[in-house]
Structures are given as structure tokens and as C-alpha cells.
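Below is one structure, written out as C-alpha cells, with a few remarks after it.
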Amino acid sequence: MLLSESDSQYLHGLRDATEQTLRRAIGNAVDVALLDAPNQTNVGDSLIWAGEMAYLRRMGFRLRYVADMRTYDPAELRRAMPSGVVLLHGGGNFGDLWLGHQNHRERIAKDLPDYRLVQLPQSIYFGSPERAVQADAIIGAHPDFHLLLRDSLSIERASNLLPSLTPIFCHDMALGYEPPATTRTPSRPSLLIIARQDKEAMSGLHEVGDDWIPRLSVTSTDWHSKGWLAIRWQIARRAMKLQHRLVRYRRRLKFVPTLPQWFVQSLIASLNDINIAGALRLYSSAQVVVVDRLHAHVLAVLLGMNHVALDNNYRKIGAVFEDYTGRFTTARYATDTESARQYVEELTAI
């Protein structure tokens, strides 16, 4: 389904505003590196990655170095890109909920004081004020760190918890992704539920049964790839794990070779492309979608699909919805599963 004319125009406006913000943050540089690249099964991170790649291509940047948390090597980055701007992958892990990513971000700030660092749009959440003080001290000590945040609630949190940093508003990068033209072919009135089951879950969506709305065929999942796509993903993942080992050995033995950068970039692109392909396959058979993942909501927006969004445990979805994605005509926001069910009844009665 194509976006309506009004939604399409609105999306183009968001993308134009994002490009302007990125241009100001990155400055006159042409060469960039991208760190903390996603290589897990989280489709949301893959959609952010796809949006990041789309913006970099459209804006004419040259991607010189890419690494995930385990393959990051500051010496290798310096060899691949002696000068340029280092970008940090966007998402929802700035804070103490996902400490591995936060620790990695702070290590980068310490390792690369002579590079401009641009944190691509994030949501912020710190449960511990003491951990926020630590993050502010480390990242705030960097002389050229640019913090982009994707919602006004995160801006407010950063202003209170990270006084050494100056947050800049920027729309979520996944909105830059251009999904392929597809035809949705639901065999019968059908509902797709994307329900998270990790430590951010709070909507109760994963607890609803197949009879939630009896007249609809219900598929409930946390949107991981299945079948042949899952096999392809595992093959690419094993190759990436080889690079993890090689980088670890090279830190002790400098003569150990690592996989070439072009191949690493290809592997990371493949992992994320497979994730997105699996999600698109799920969406293609649905009439309506109900989600409690931010990028399950964003993907439905980009596909022009009627959908209902519920929130996670720190208002990540609600904050973005209120700021800009809630203006798409296909989007609804529910505060609980009962109001979500009522929205689905209305949308499938149309």
C-alpha cells in the first residue's frame, strides 16, 4: 500500500529536516565512520541502519570504516580514515538500560578525542542518576561531541541529567529508509501483533491470545526471521564472529590479519537486510498491525499500513509518536490492550 499524498509530503518534510540537521552536525567532512553497527536480530536496529545508509548515500558521504562493538579497533579506524567524522549508530540505548552499548559509547569518547563524534538520534533513559553523572563526565570531556536525540522527552532528560552536553533534536533515522514496492495479500482479514518480551516490555501485548479478536486471523511474534532467512542470517553471523575472533587476536599479535573492511561492511549490511526482509514478509500478509516496538510502528508508517502502537517501559514510542510520527494518518496510539483492541475493531470495519 502506498502512502497517501499528505503522508508522503509529510515524510519528505521530515527527511529534509533530518538532512539539514545531519549536515550541521557533520559539517564539511566527506569521509565518515559508523560505529556500534547492529549485528543482532533486532529489526528496529536494522531499520535505523538502513535509514542511516540511505541518508549517507543521498548526502554524498563516503563510508570509510564500519564496526560493531566487538570489531571496533581505534587503530584500524585511524588507518582507514585519518580524518573525518565518526558517527555512532542511533537507537534507544543511550543510558543504563543497555549498558554494553553505553560503555562502548564512552570508550569511543575516550579513544577518539581528536575526531568529531556525532551520536545519531537516540532516546535517553537513565534509571540511576549516578550512572548519568558518570556518562556526563566521560562524554562531556570530549571536545567535539554532538548529541542528536529523537524526541523532546529525551531532550528534557538530557538537559537534566547530562548538563555538559547540548542535545540537538533530530528525527529518527529509520524514517529515511525506502521500503521496496510490495503488494500485501492477506488471505483473510488478518492481524499481525509485534510484541516485545524483553526488559522494555510493559504493554501486555505479548499476553493476548489468538482469540483476542475472534473474526481476525491473528499472528503474534517478536518479528525474528524464520526459515531460509534465518539460515542465511546465521551464515552471515558466523562470518562476523570470525572477524570478532581475528580482531581479538590482533590486539595481542599485530601480525594477525583481519577481514577486509569492504567485506565487514558487506556482512553487516547482509545481516540487517535479512532482518528487514523477514519483517516485510510478515507485514505483507497482514491487514492491520498492533505493535509495542518503536520501529514496528515506523515500518507500518513507511508501508502505509493502518496500525496501533502501545508503549514500552520508558515512553520511547509515546514520545516519538507525540512529537511527529503520530501525524501520519495510518497511526493510532493506545494506552492499554483494551483500547488497542477497540482501535483494531474500528480499522478492520472500514
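The values are calculated or read from the model by the stated rules, or taken from the named source; none is laboratory data. Here the structure is a predicted model, which means the values were calculated and not measured. As a convention, Cβ positions derive from the backbone with ideal geometry for all residues, glycine included, and neighbour counts pool all protein chains shown.
Taking region 203-216, which residues are in a loop (DSSP other than H, G, I, E, B) and aliphatic (A, V, I, L, M)? Spell out how you get there, then give the answer.
First pass over region 203-216, keeping only residues in a loop (DSSP other than H, G, I, E, B): 203-204, 208-216.
Scanning region 203-216 gives V208, I213, L216.
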Can you tell me which residue is nearest to the chain's Cα centre (by Cα) among those in region 306-326 that are surrounded by fewer than 19 Cβ atoms within 10 Å (Cβ to Cβ) and of a type in the set (D, E, K, R)? R315
Quick one: which residue in K226, K199, K254, K241 is within 27 Å of L56 (Cα to Cα) and of a type in the set (D, E, K, R)? K241
Can you pull out every residue in region 108-119 that is over 13 Å from L162 (Cβ atoms), out of contact with any helix residue (DSSP H, G or I) (no Cβ under 6 Å at 6 or more places or on another chain) and touching a residue at least 24 places away in the same chain (Cβ under 8 Å)? I108, K110, L112, P113, Y115, R116, L117
Out of all the residues in region 18-41, which are within 19 Å of H297 (Cβ to Cβ) and surrounded by fewer than 21 Cβ atoms within 10 Å (Cβ to Cβ)? T41
So is Y55 within 20 Å of E178 (Cβ to Cβ) and hydroxyl-bearing (S, T, Y) or not? yes
Looking only at region 102-130, count every residue that is touching a Gly at 6+ places or on another chain (Cβ under 8 Å) and of a type outside the set (A, V, I, L, M) and tell me the total. 10
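Going by the conditions given, is L3 at pLDDT 95 or above and of a type outside the set (V, I, T)?
So L3 does not fit the description; no.
Tell me which residues, restricted to region 34-87, are among the aromatic types (F, W, Y) and either assigned to a loop (DSSP other than H, G, I, E, B) or within 16 Å of the chain's Cα centre (by Cα) (or both).
W49, Y55, F61, Y72
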Among the candidates Q102, Q20, single out the residue that is within 17 Å of the chain's Cα centre (by Cα), without any contact (Cβ under 8 Å) to a residue 40 or more places away in the chain and more than 20 Å from R248 (Cβ to Cβ). Q102
One residue is enough: does region 240-261 have a residue meeting the conditions at pLDDT below 90 and among the polar types (S, T, N, Q)? yes
Subset tally (residues that are within 19 Å of L280 (Cβ to Cβ) and either surrounded by fewer than 18 Cβ atoms within 10 Å (Cβ to Cβ) or free of Cβ contacts under 8 Å to residues at least 24 places away in the same chain (or both)) for region 230-246: 3
Here is a check on your reading of the model: is N28 in a loop (DSSP other than H, G, I, E, B), of a type outside the set (A, V, I, L, M, F, W, C) and either farther than 22 Å from P180 by Cα or more than 18 Å from the chain's Cα centre (by Cα) (or both)? yes
Having 1 or more residues that are under 24 Å from Q9 (Cα atoms) and not small (G, A, S) is the bar; report the strands (runs of 3 or more DSSP E) wholly within region 217-333 that clear it. 288-291, 307-309, 331-333
Working carefully through the options I26, I48, find the one that is under 23 Å from N275 (Cβ atoms), of a type in the set (V, I, T) and at pLDDT 95 or above. I48
Could you run through region 92-136 and say how many residues are part of a helix (DSSP H, G or I) and on the phi > 0 side of the Ramachandran plot? 0
Considering only region 42-58, state which residues are among the hydroxyl-bearing types (S, T, Y) and crowded, with 24+ Cβ neighbours inside 10 Å. S46
So for region 327-341 (the condition being under 24 Å from D96 (Cβ atoms), under 22 Å from the mean Cα position of the chain (by Cα) and at pLDDT 95 or above), does at least one residue qualify? no
Residue list for region 130-177, restricted to those being free of Cβ contacts under 8 Å to residues at least 24 places away in the same chain and either surrounded by 23 or more Cβ atoms within 10 Å (Cβ to Cβ) or of a type in the set (D, E, K, R) (or both): E130, E156
Quick one: in region 91-107, of everything that is in contact with a strand residue (DSSP E or B) (Cβ under 7 Å, 6 or more places away or on another chain) and over 17 Å from P167 (Cβ atoms), which residue is surrounded by the fewest Cβ atoms within 10 Å (Cβ to Cβ)? H101
